[in-house]
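A quick write-up on the structure given underneath.
The values are calculated or read from the model by the stated rules, or taken from the named source; none is laboratory data. All figures in this text were calculated on a predicted structure; none of them were measured in a lab. Here the Cβ positions follow ideal geometry from the backbone for every residue, glycine too, while neighbour counts run over all protein chains shown.
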Amino acid sequence: MSPKKIGFLGLDNAGKTSIITGITKKFGFEEEVLNLSPTRRIDRDTFKFLGVEFIRMDFGGQEQYRDQYLKNPSKYLGGADLIYYVVDVQDPDRYVESIDYLDQVLLFFKEIQEYPPIAVLFHKFDPDLENRKEINQKILTMKQALTKYSNVFDIFFFETTIYDIKSVMDAFSSGLTLLFNKMEMVSQFFQEVSENYNAILIALFDAKGITIGEYYKPHLQLKEKLKIYDLYIELQRRISNEDRSLYEFSDKFDDGRRFSGIIEVLTFGQIDFYLLFIVEEDESDLEKTVNLLDKIEAAKPEMENLIYQIIQ
Ligand SMILES: Nc1nc2c(ncn2[C@@H]2O[C@H](COP(=O)(O)OP(=O)(O)OP(=O)(O)O)[C@@H](O)[C@H]2O)c(=O)[nH]1
Ligand SMILES: [Mg+2]
């Protein structure tokens, strides 16, 4: 299979290179992100996901470069399989300019009858955002401006910030999984499995922390999901350093509810996957939790088999 091309586009200073840095590093990238220089022309790197080679292109967004791409779009944009379009929500003065650029990009694709999925990232949606209401209103306007394309393009929206790496990983993973049409089935499968084990979260990640499938109980709060994810990426690093295939842990949410987690390393062919289970601890009956974790552990071969069938 030839490599798939994914492009990060958007105005200068939107945060494209920061997002890519966050995705590739996941830890300790804050300082690097603060000191980034504008990207000159296009930065390319490659990575593998589910055994498929990807070329990631970071399109420098300064005007001179944008003009260059739009003058010869087939050369730069032709053949793209997926586009992440990054908008800086903290720069409302440039919304019109940003929409205009995206407009021209989409017009080009329409002209050549290529319809890559478009993930629009409303970025710099920081946790401490002040004028949130005003920004939400602007975002809505922008979404409305794009509805004219929604009958020909699949357009998806995300709110992201570098201060919450999970928001960035979710947007990135969701975009990628669009290119694998069986991926949805993994999440559906997890929903069924969660009933059997009374799990509050089940997720499958690749070695780079990209989510392949995920199910979580609706009552789980965003804050709690983020806590689990942060914990998870830390543990994943430890697991691969120590070359382990199983890891159990226990922790608590801010309100004191305790949870237990289990991470299993599954290997399909040459590729490692990480399966994460989270169950709520029953403090009045800890044995129940232990039994549950044993049951999950025992089901590993079966899970491995089923997931393999889905994603192969
Ligand atoms: N507040 C905030 N700042 C961010 C965030 N992400 C990136 N930045 C800052 O935004 C600035 C621009 O980021 P870049 O990633 O270089 O922007 P770019 O889109 O690659 O810009 P070009 O390369 O010129 O196209 C940097 O100073 C980052 O520190 C975010 O989520 N929140
Ligand atoms: Mg850049």
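Worth pointing out:
- Restricting region 23-44 to residues that are of a type in the set (K, R) and modelled with pLDDT under 95, the residue that is farthest from ligand 1 (Cβ to nearest atom): K26
- Answer from D45, D12 - the residue that is of a type in the set (D, E) and within 8 Å of ligand 2 (Cβ to nearest atom): D12
- Taking strands (runs of 3 or more DSSP E) as the structural unit, those lying wholly within region 210-312 and holding at least 3 residues that are farther than 25 Å from M185 by Cβ correspond to 246-252, 258-268.
- The set of residues in region 229-248 being touching a residue at least 40 places away in the same chain (Cβ under 8 Å) and in contact with a helix residue (DSSP H, G or I) (Cβ under 9 Å, 6 or more places away or on another chain) consists of Y229, D230, I233, L246, E248.
Matching residues to (1) more than 15 Å from ligand 1 (Cβ to nearest atom); (2) in a helix (DSSP H, G or I); (3) touching a residue at least 24 places away in the same chain (Cβ under 8 Å); (4) out of contact with any Asp or Glu (no Cβ under 7 Å at 6 or more places or on another chain):
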residue	(1), (2), (3), (4)
M1	yes, no, yes, yes
T46	yes, no, yes, no
D58	no, no, yes, no
L70	no, yes, yes, yes
G79	yes, no, yes, yes
I83	no, no, yes, yes
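- Of all the residues in region 268-299, those that are among the charged types (D, E, K, R) and in contact (Cβ under 8 Å) with a residue 40 or more places away in the chain number 4.
Every residue, every condition in (1) surrounded by fewer than 14 Cβ atoms within 10 Å (Cβ to Cβ); (2) assigned by TED's automatic domain parsing to the domain that holds D12; (3) more than 16 Å from ligand 2 (Cβ to nearest atom); (4) among the aliphatic types (A, V, I, L, M), yes or no:
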residue	(1), (2), (3), (4)
N72	yes, yes, yes, no
L77	no, yes, yes, yes
L82	no, yes, yes, yes
V87	no, yes, no, yes
V96	yes, yes, yes, yes
I99	no, yes, yes, yes
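- If you go through region 235-244 and keep only what is surrounded by 12 or more Cβ atoms within 10 Å (Cβ to Cβ) and more than 24 Å from the chain's Cα centre (by Cα), you end up with just R244.
- Residue pairs meeting the criteria (Cβ under 8 Å; at least 6 apart or on separate chains; first over 14 Å from G209 (Cβ atoms) and touching a residue at least 12 places away in the same chain (Cβ under 8 Å), in region 9-26; second within 10 Å of ligand 2 (Cβ to nearest atom) and hydroxyl-bearing (S, T, Y)): K16/T39; T17/T39
- In the set (1) in contact (Cβ under 8 Å) with a residue 60 or more places away in the chain; (2) outside any strand (DSSP E or B), K75 fails one condition alone, (1).
- Just one of the numbered conditions (1) more than 10 Å from ligand 1 (Cβ to nearest atom); (2) at positive phi is not true of G15: (1).
- Members of region 48-70 found to be within 16 Å of ligand 2 (Cβ to nearest atom), surrounded by 11 or more Cβ atoms within 10 Å (Cβ to Cβ) and under 21 Å from R94 (Cα atoms), listed by number: D58, F59, G60, G61, Q62, E63, Y65, R66, Q68, Y69
- Boolean, D206 is outside the structural domain of I271 (by TED's automatic domain parsing), within 14 Å of the chain's Cα centre (by Cα) and either acidic (D, E) or surrounded by fewer than 19 Cβ atoms within 10 Å (Cβ to Cβ) (or both): no
- Within region 121-142, the residues that satisfy the criterion of being away from ligand 1 (no atom under 14 Å from the Cβ) and either in contact (Cβ under 8 Å) with a residue 24 or more places away in the chain or outside any helix (DSSP H, G or I) (or both) are E134, K138, I139, T141, M142.
- Residue within region 63-77 that is under 25 Å from the mean Cα position of the chain (by Cα) and within 25 Å of G213 (Cα to Cα) present: no
- The residues on offer are I20, I6, and the sole one that is outside any helix (DSSP H, G or I) and within 16 Å of ligand 1 (Cβ to nearest atom) is I6.
- Region 163-178: number of residues that are modelled with pLDDT of 90 or more and either in contact with a strand residue (DSSP E or B) (Cβ under 8 Å, 6 or more places away or on another chain) or assigned to a strand (DSSP E or B) (or both): 11
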